[in-house]
Amino acid sequence: QVQLVESGGGLVQPGGSLRLSCAASGSIFSINDMGWYRQAPGKQRELVATISFGGSTDYADSAKGRFTISRDNGKNMVYLQMNSLKPEDTAVFYCNAAVRSTAWGRWINYWGQGTQVTVSS
């Protein structure tokens, strides 16, 4: 089994910053793409940013210029630095990773339990 655990969420004022972290553990042979998604109340879960094993990144338009995704392959971790936060960024943020548990296994998508980010004055 593989577990993803997010941390770093909280309450921040508009214009503030937060850094989310996600640690992957368990039966891991290799991790391909990792990413962050978010779900606001009453809305569908949406992509925020993804990063490949090699470091190629992709961002939602709402995140470009404000958020930065990064990863540490040696530690099986992915991060999301969020700057210039807005009230509309309020959501539960989820970590996602495509993991293979053996050299010949198939890739499986795993999700963390989510961390709440609230942007409010």
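Just a few scattered comments:
- ARG38 vs. criteria of a type in the set (Lys, Arg) and surrounded by 18 or more Cβ atoms within 10 Å (Cβ to Cβ): yes
- Condition met for GLN81 (polar (S, T, N, Q) and farther than 11 Å from GLY9 by Cβ): yes
- Among the conditions (1) open to solvent by less than 60 Å² (accessible area, probe 1.4 Å); (2) without any contact (Cβ under 8 Å) to a residue 12 or more places away in the chain, the only one that THR90 does not satisfy is (2).
- If you check ALA23, ALA49 for being without any contact (Cβ under 8 Å) to a residue 60 or more places away in the chain, open to solvent by less than 40 Å² (accessible area, probe 1.4 Å) and in contact with a Phe, Trp or Tyr (Cβ under 9 Å, 6 or more places away or on another chain), only one passes: ALA49.
The values are calculated or read from the model by the stated rules, or taken from the named source; none is laboratory data. Computed from a predicted structure; not experimentally measured. Methodologically, a virtual Cβ is constructed for each residue, glycine included, from the backbone with ideal geometry; neighbour enumeration extends over all protein chains shown. Areas reflect the complete protein model, heavy atoms only, side chains present, ligands, DNA and RNA absent. Shrake-Rupley method; radii C 1.70, N 1.55, O 1.52, S 1.80 Å.
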